[in-house]
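S.K.: Dropping a structure here in structure tokens format, bear with me for questions.
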Amino acid sequence: MDNKTKGMIFNFKKYAVHDGPGIRTTVFLKGCPMECWWCHNPEARNAAPEKIEKNIKLDGITKKTYKTIGREMSVREVMDEVEKDLIFYESSGGGVTFSGGEVFVQKDFLFGCLKEAKRRGMHTCIDTTGYTSADNMEKAIELTDLFLYDIKFVDDEQHKKYTGVSNERILDNIRRIRASGTPLRVRFPLIPGITDSRENLRDVAELTASLTETEIDVLPYHRIGSDKYSRLSMPYMMDGVKEPTEEEVQKVCDYFKSYGLTVGVGG
């Protein structure tokens with residue numbers, strides 16, 4: 001059992017039901033190469049531990065405190081924590097999901113956790129942007145039962161503008177996963193005025209439809225976590241952007257369905 005390889009974790013989500021099939025535990029790894037304007041986990045960008053400002057009210061007095069985000073853990077420590085809910089995974093067809101940040105930033109730790117999860121008989125899922133090398137993706141495919149895969153833009157220039165990186169390897173890797181036969185579910189962030197252009201919706205729909213038997217989840221933009229930016233002394237790019245209405249979300253879902261796709265909302 002691997003007790004030497006260590007990674008930086010910023011959260012565990014128990015009883016997760018939107019991060020893959022059944023009841024799951026989602027493990028959030030720190031570090032991300034992207035700077036998406038709408039990111040609701042900005043504390044995940046830096047792979048190192050960092051302090052976030054927190055205000056506590058006591059007897060009418062507001063006191064400023066700081067909370068450290070990020071805890072170094074070994075593969076064994078993480079998987080021992082995940083295994084505590086094994087009975088729920090077995091009864092529901094669930095398992096463990098690794099998310100971020102971007103999980104491939106800590107690739108060695110990720111592979112160690114995946115290997116240990118498989119050794120313990122758990123269903124494995126990766127929630128990823130796909131921004132990694134072909135070699136890393138091939139290694140992950142061998143150890144992963146399901147990929148939840150973010151597709152924000154198909155146009156490379158738009159992707160660079162709103163995330164800071166090219167999507168060339170992202171598009172290559174999603175096709176690599178599909179060619180392997182590993183189950184894949186696309187996740188599309190619906191950001192009003194940014195990702196919801198007619199051209200982008202068409203491109204995302206066509207790409208997803210080209211990946212045989214692929215499903216897509218529409219993830220509506222929300223402002224949860226917007227206050228984290230000021231507490232982390234980071235600029236917030238989404239001032240003035242409103243959350244999409246139910247009607248707007250349904251319209252996008254119906255559009256994707258017109259391509260023969262199975263569509264979900266949230267996750």
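S.K.: How much accessible area per residue does the stretch 13-94 have, counting only protein heavy atoms and a probe of 1.4 Å, in square angstrom?
M.R.: On a per-residue basis, 57 Å².
S.K.: Determine the equivalent ellipsoid of the stretch 146-267 by diagonalising the alpha-carbon gyration tensor, then write out the semi-axes as square roots of 5 times the eigenvalues, largest first, rounded to whole Å.
M.R.: The three semi-axes for the stretch 146-267 are 25, 18, 13 Å.
S.K.: Can you compute the modelled spin-label distance between ARG223 and ASP155, with each label point 7 Å from Cα toward Cβ, in nm?
M.R.: Taking the two extended label points, one gets 2.7 nm.
S.K.: Taking all protein chains as present, what is the carbon and sulfur share of the accessible area of the chain, in % to the nearest whole number, probe 1.4 Å?
M.R.: It is 48 percent, rounded to a whole number.
S.K.: How much length would be gained if the chain were fully extended between GLU77 and GLU215, taking 0.36 nm per residue of separation minus their Cα-Cα distance, in nm to one decimal?
M.R.: Computed gain between GLU77 and GLU215 is 46.3 nm.
S.K.: Next up: Let me know the Kirkwood hydrodynamic radius for the stretch 114-164, please, with Cα pairs as the basis and the value in Å to one decimal.
M.R.: Details: mean 1/r = 0.0796 Å⁻¹.
Result for the stretch 114-164 stands at 12.6 Å.
S.K.: I need to check one value: relative contact order of the chain, counting alpha carbon pairs closer than 8 Å and at least 6 residues apart, in percent.
M.R.: 18 percent
S.K.: Just the number please: accessible area per residue for the stretch 130-176, 1.4 Å probe, all protein chains included, in Å².
M.R.: 43 Å²
S.K.: When the Cα centres of the stretch 96-131 and the stretch 195-243 are compared, how far apart do they sit, in Å?
M.R.: When both Cα centres are located, 23 Å separates them.
S.K.: GNM, the chain, Cα, under 10 Å: largest mean-square fluctuation among GLY100, GLY20, GLY121?
M.R.: The residue that fluctuates most here is GLY121.
S.K.: Please work out how much accessible surface LEU261 shows to a 1.4 Å probe, ignoring ligands, DNA and RNA, in Å² rounded to 10.
M.R.: 20 Å²
S.K.: Say each of GLU248 and ILE56 gets a label point 7 Å from the Cα, pointing the same way as Cα to Cβ; how far apart are those two points in nm?
M.R.: 3.8 nm
S.K.: Need the C-alpha centroid separation for the stretch 134-164 versus the stretch 1-46, integer Å.
M.R.: With the stretch 134-164 and the stretch 1-46 each reduced to a Cα centre, they are spaced 16 Å.
S.K.: Just grab the label-to-label distance for SER233 and HIS40, each label 7 Å out from Cα along the Cβ direction, in nm (one decimal).
M.R.: The two pseudo-label positions are separated by 2.7 nm.
S.K.: Given the rule -39500 (n - 2.57) for each run of at least 4 DSSP H residues, summed and divided by the residues of the chain, what is its mean residue ellipticity at 222 nm, to the nearest 500 deg cm²/dmol? Can you show the working numbers first?
M.R.: Values: 9 runs with 90 residues, N = 267.
Mean residue ellipticity, 222 nm, calculated: -10000 deg cm²/dmol.
S.K.: Then there is this: Taking the dipole about the Cα centre of the chain, with the C-beta of Lys and Arg at +1 and of Asp and Glu at -1, give me whichever of ASN41, ILE141, SER92 is farthest to the positive side.
M.R.: Of the listed residues, the answer is ASN41.
S.K.: Where Rh denotes the Kirkwood radius from the mean inverse Cα pair distance, what is Rg over Rh for the stretch 21-98?
M.R.: Taking Rg over the Kirkwood Rh, I get 1.10.
S.K.: Solvent-accessible area of GLU243, probe 1.4 Å, all protein chains present, reported in Å² to the nearest ten, please.
M.R.: Result for GLU243: roughly 100 Å² accessible.
S.K.: Of (i) -0.68, -1.27; (ii) -0.54, -1.42; (iii) -0.63, -1.45, which one was derived for log10 I(q)/I(0) by the Debye sum over Cα atoms at q = 0.11, 0.17 Å⁻¹ from the structure shown?
M.R.: Here log10 I(q)/I(0) by the Debye sum over Cα atoms at q = 0.11, 0.17 Å⁻¹ agrees with entry (iii).
S.K.: Take ARG119, project a point 7 Å from its Cα along the Cβ direction, then tell me which residues of the stretch 1-36 have their backbone nitrogen under 18 Å from it.
M.R.: Inside the label zone: 1-7.
S.K.: Count of lysine pairs in the stretch 74-158 with Cα atoms under 17 Å apart, counting only pairs 8 or more residues apart in sequence or on different chains?
M.R.: Lysine pairs, 8 or more places apart or on different chains, close enough: 6.
S.K.: At a threshold of 8 angstrom on Cα-Cα distance, excluding pairs fewer than six apart, so keeping six or more, what relative contact order does the stretch 12-158 reach in percent?
M.R.: Values: 246 pairs, mean separation 36.4, N = 147.
Reported relative contact order: 25 percent.
The values are calculated or read from the model by the stated rules, or taken from the named source; none is laboratory data. Quantities reported herein were computed from a predicted structural model and do not represent experimental measurements. All Cβ positions, glycine included, derive from the backbone under ideal geometry; neighbour counts span all protein chains shown. Areas reflect the complete protein model, heavy atoms only, side chains present, ligands, DNA and RNA absent. Shrake-Rupley method; radii C 1.70, N 1.55, O 1.52, S 1.80 Å.
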